1. Of all residues in segment 527-544, count the ones that are near the ligand (Cβ under 6 Å from one of its atoms) and over 58 Å from the mean Cα position of the chain (by Cα).
2. Going through segment 202-224 one residue at a time, which ones are free of Cβ contacts under 8 Å to residues at least 12 places away in the same chain and closer than 27 Å to Val189 by Cα?
3. Report every pair of residues separated by at least 6 positions or lying on different chains whose Cβ atoms are under 8 Å apart, first residue within segment 560-577 and assigned to a loop (DSSP other than H, G, I, E, B), second within 13 Å of the ligand (Cβ to nearest atom).
4. Identify, from the list Ser410, Ser442, Ser427, the residue that is hydroxyl-bearing (Ser, Thr, Tyr), surrounded by fewer than 16 Cβ atoms within 10 Å (Cβ to Cβ) and in contact (Cβ under 8 Å) with a residue 12 or more places away in the chain.
5. What's the total number of residues in segment 545-589 that are of a type in the set (Val, Ile, Thr), over 60 Å from the mean Cα position of the chain (by Cα) and near the ligand (Cβ under 8 Å from one of its atoms)?
6. I'm trying to understand the selection: among the residues of segment 469-518, which are within 12 Å of the ligand (Cβ to nearest atom) and of a type in the set (Gly, Ala, Ser)?
7. Which condition breaks for Lys497 when tested against (1) within 23 Å of Arg415 (Cβ to Cβ); (2) modelled with pLDDT of 95 or more; (3) of a type outside the set (A, V, I, L, M, F, W, C)?
Amino acid sequence: MKRKRLLWRLYPSYLIIIIISLVAITWYASDSFRRSSLKQTADDLETRGILKLQSFSDLLQSADRSEIQLSCIELSRISQTRFTVIAMNGQVLGDSEHDPQTMDNHCDRPEVMAALSEGRGEAIRHSYTLRQNMMYVAIPVSDNGAVLGVLRISLPITSIEQALKTVYTRIALGGLAIAILSAAISFFVSRRISRPLEQMRRTAKQFAAGELTKKLPVSNITEIGSLAISMNQMAEQLYERMEAIVRQRNELEAVLSSMVEGVFAVDTEAHVINMNRAAASLFGIKPAKIKERTLHEIVRHPALLEFVDKVLATSESDEAEITMFDREERYLQVHGTVLHDAQGNTIGALFVLNDITRIRRLEAIRRDFVANVSHELKTPVTSVKGFVETLLDGAMDDPVSAKRFLEIISRHADRLQAIIEDLLSLSRLEQDEGMSTVTLESKSLCEVLETATQACDLKATEKHIAVELVCGEDIKAKINSALMEQAVINLIDNAIKYSDEKGRVEVSAEIADGGTVITVTDYGCGISNEHLPRLFERFYRVDKARSRQLGGTGLGLAIVKHIAQIHGGYPAVESTPGKGSRFSIHLPA
Ligand code: ADP
């Protein structure tokens, strides 16, 4: 629709009204003026005629044509009026302006006919004789009731027309002045109306742009003023609602981003509406890349996508456990809830992801541990049981066999004891670790290493292994001596166990990496790389048979790890198969 300024809407209507009123008034006024002027002129003409009726009656009776003509001319000279005398037969007997001889018969003139029939005739018409518009008034000339002829008095009406023309001109000029004035007034009025409207338009535009704190000026024109008040109230309410929405959104964002669980919402087409940081990092994507994209574009886990599609397709909340294969296996518990709008239509779904990898791993470790313990205990118990039965079956009577069997039973019992002792010390360590009951004191590490080396002396001598202690300066660290001794003994014990006869083991302590490092190096069989990450797990052994044969329980390194952790440190290993291993305990400063 074409838009017009308010002025151009108001002004033409004002103008039309003014023109119509002016025309109506002009027409009415000029018509009245014309009528009254003509009536007055007619009356005037009639009076002039009546005054001369008697003299013309006498003249007509005398029937002296020249006298009649002279009288007409004389009267015309005095009164500036045309006098015509017409006989009953229509013949012109005298005329002040013209020679009656040359004038045609006047019996058909309307004013003459009216004068004879009604006693007075009046007409306005163009005179061919005088070639101008004339007013004629005719009255009968009679004597004692007998009509002798008609006296016609006439006057050009040019003066009346002239006067009317002046009136028209004045009215037209007045109309023009009024039109200009009305234009000015309507411009002023429309400006007065449009200015507040214009201001409102500008402020409303700012409202639309979101600047809801702006206020519309309240005009003193009632309608516009109350419109401004209503719009201000509307903007205020809108602002409050927007504030509430933004507040709620921020709260929601804060809740979502602080959640450990991954949360994301999708619409019915699987476009991502929202995704929190936890979910984004679970999928390994940047939050900036999420907007306006479908889940299928940004997530590459078929099981999860399948689950999302299923929830969206069935519009039913569901729960599932899915496994994601990234760099490592990850277990997720996914809960999908369908989202509805106010009308109850499905608008998408919300998914909560719980990373249960740690729980699953712990469960697996616990399962493995129980299986391992049972397995470890089963072998010596079965052996003990077997040899006891053999003894009872009669071997007891053969002293040589009995002694041999009893020795075997004793070895297995020792093994059982070793396993149980290691398990107990592990569980104690775990308890201490959990409750932080271990007391740490600043002690000389060299002393601890020396005691540990001495404890392993016997085993070393048996295998002709030289254990060298390198501990030049007096290094101090915050340790629990008994526990640290046990850890170092375990490492030296392993180094001796897995070294060949006449080998060499180095035990040292040094300050490095801002802390202290205890190292036990051997030049034995070494360990291949694939075993290194799991070496500190309980019951993990590179070579089970060899370990058992050497009296190992598979728990030594697990104990070392726990002791290192109790001290706030960690264990480490470097090894080359066939060349030797280097175990270390790193302690913080
Ligand atoms: P074990 O009682 O069997 O020695 P540990 O927990 O002490 O159990 O050690 C776990 C495994 O690590 C051992 O079975 C052995 O295979 C390997 N291992 C430990 N120390 C050494 C070492 N110094 N050289 C070679 N292998 C070793």
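The values are calculated or read from the model by the stated rules, or taken from the named source; none is laboratory data. Computed from a prediction, not measured in an experiment: that's the story for all the values here. No Cβ is skipped: glycine too gets one built from the backbone with ideal geometry, and neighbour counts run over all protein chains shown.
1. The total comes to 4.
2. Residues satisfying the conditions are Arg202, Lys205, Gln206, Asn220, Thr222, Glu223.
3. Pro577/Cys525; Pro577/Gly526; Pro577/Ile527; Pro577/Ser528
4. The match here is Ser442.
5. 1
6. The answer is Ala487, Ala495, Ser499, Gly503.
7. (2)
Matching residues to (1) at pLDDT 95 or above; (2) more than 22 Å from Asp422 (Cα to Cα):
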{"position": "Val505", "(1), (2)": "yes, yes"}
{"position": "Val560", "(1), (2)": "yes, no"}
{"position": "Gly569", "(1), (2)": "no, no"}
{"position": "Ser584", "(1), (2)": "yes, no"}
